[in-house]
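Each value in this text was obtained by applying a stated rule to the coordinates, not by laboratory testing. Note that the structure is predicted; figures quoted are calculated from it, not measured. Virtual Cβ from ideal backbone geometry, glycine too; neighbours counted across all protein chains shown.
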Amino acid sequence: MKDFPGTPGTLTALALRLSQCIFAVGSIAAMGTTSSFYNFTAFCYLIASMGLQVIWSFVLALLDAYALVRKKVLHNSVLVSLFVVGDWVTATLSLAAASSSAGITVLYFNDVGSCKFGEECQK
C-alpha cells in the first residue's frame with residue numbers, strides 16, 4: 001500500500017481523527033445546550049450519530065497514536081478494510097443526521113408558524 005497523507009498510523013491520520021472528534025463533540029454540545037432538542041427526533045438522531053462518531057474517531061485516534069509511538073505500520077489489508085467500512089458507516093449516519101436536522105431547522109423556522117396542528121408539527 002502506498003504511503004499517502006491520512007493513511008492509518010500517520011501523523012496526518014491522527015490529526016484528522018482528532019479533528020473529527022472535536023467537531024462531533026461541538027455538534028453534540030450545540031444540540032445538548034438547547035432547551036428543547038429532545039422534542040424533535042432528528043435532533044436526537046444527530047446526537048446519537050455524533051456520539052457514535054466520537055467513539056469511532058477517538059478509538060482510531062488512539063490506534064494511530066499507538067502506531068506512531070511504537071513505529072508500527074497499519075497497512076494490513078483486513079485492518080484497512082475495517083477502517084474503510086467503519087468510516088463509510090459513520091459518514092453515512094452523519095450525513096443522514098445532518099440532512100434531517102437541517103430539514104427540521106428549515107421546518108421549524110419557516111413553516112411552523114403556518115402549522116395548524118401544533119403538537120403534530122413537532123413529531
Query raised in the report: By how many degrees, between 0 and 90 and to the nearest 10, does the Cα long axis of helix 11-32 differ from the longest principal axis of the chain?
Result: 20 degrees
Query raised in the report: Arranged by the count of other C-beta atoms within 10 angstrom, fewest first, what order do Met31, Met50 take?
Result: Met31, Met50
Report summary line: Answer in debye to the nearest 20: the dipole magnitude of the chain about its Cα centre, from +1 Lys/Arg and -1 Asp/Glu charges placed on Cβ, is 440 debye
Report summary line: Taking a crude spin-label model, label points 7 Å out from Cα along the C-beta direction, the Thr12 to Tyr38 distance in nm is 4.3 nm
**Report entry** Nearest 10 degrees, 0 to 90: helix 41-70 Cα axis against the chain principal axis
**Finding:** 10 degrees
Query raised in the report: For helix 77-106, what angle does its Cα long axis make with the longest principal axis of the chain, in degrees from 0 to 90 and rounded to 10?
Result: 20 degrees
Report task. Would you calculate, for the chain, the mean residue ellipticity at 222 nm contributed by helices, counting each DSSP H stretch of 4 or more residues as -39,500 (n - 2.57) and dividing by all residues, to the nearest 500? Result -> -24000 deg cm²/dmol
Query raised in the report: For the chain, how big is Rg over Rh, using alpha carbon atoms and the Kirkwood form of Rh?
Result: 1.14
